[in-house]
Amino acid sequence: MTRIAAGLLIFDMLGAMFLVHIPNGFFVANNGLELVLLLAALCLAFVLAGAGRNSLDNKLLAERDSRISVLA
């Protein structure tokens, strides 16, 4: 479920960026979008790579033979 949650958080960060942080510039000291872009990039990495071999998703879902185990 990590990929799903990270995908939803990307949309959350994009909404925060467009609604709040763009007028303030880039740097986080001015309440800019630097941190928001960093968090969105981190979530994108989780969407693309997954949570990893030692994650809770893998432990709970990889042992079962179901369609949702593909997400782990």
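The values are calculated or read from the model by the stated rules, or taken from the named source; none is laboratory data. Owing to the predicted nature of the structure, the values given are computational and were not obtained by experimental measurement. As a convention, Cβ positions derive from the backbone with ideal geometry for all residues, glycine included, and neighbour counts pool all protein chains shown. When the accessible area is computed, the model is the full protein with side chains, heavy atoms only, and any ligands, DNA or RNA have been set aside. Shrake-Rupley method; radii C 1.70, N 1.55, O 1.52, S 1.80 Å.
Out of all the residues in segment 13-25, is one or more assigned to a loop (DSSP other than H, G, I, E, B), at pLDDT below 95 and either loosely packed, with under 14 Cβ neighbours inside 10 Å or in contact with a Ser or Thr (Cβ under 7 Å, 6 or more places away or on another chain) (or both)? Yes, segment 13-25 contains a residue that is assigned to a loop (DSSP other than H, G, I, E, B), at pLDDT below 95 and either loosely packed, with under 14 Cβ neighbours inside 10 Å or in contact with a Ser or Thr (Cβ under 7 Å, 6 or more places away or on another chain) (or both).
Scanning segment 28-49 for residues that are among the hydrophobic types (A, V, I, L, M, F, W, C) and part of a loop (DSSP other than H, G, I, E, B) gives a single hit, Leu33. For the residues Ala41, Ala16, the requirement of being under 8 Å from the mean Cα position of the chain (by Cα) and without any contact (Cβ under 8 Å) to a residue 40 or more places away in the chain singles out Ala41.
Per the conditions (1) open to solvent by less than 50 Å² (accessible area, probe 1.4 Å); (2) part of a helix (DSSP H, G or I); (3) at pLDDT below 95, the sole criterion not satisfied by Gly52 is (2).
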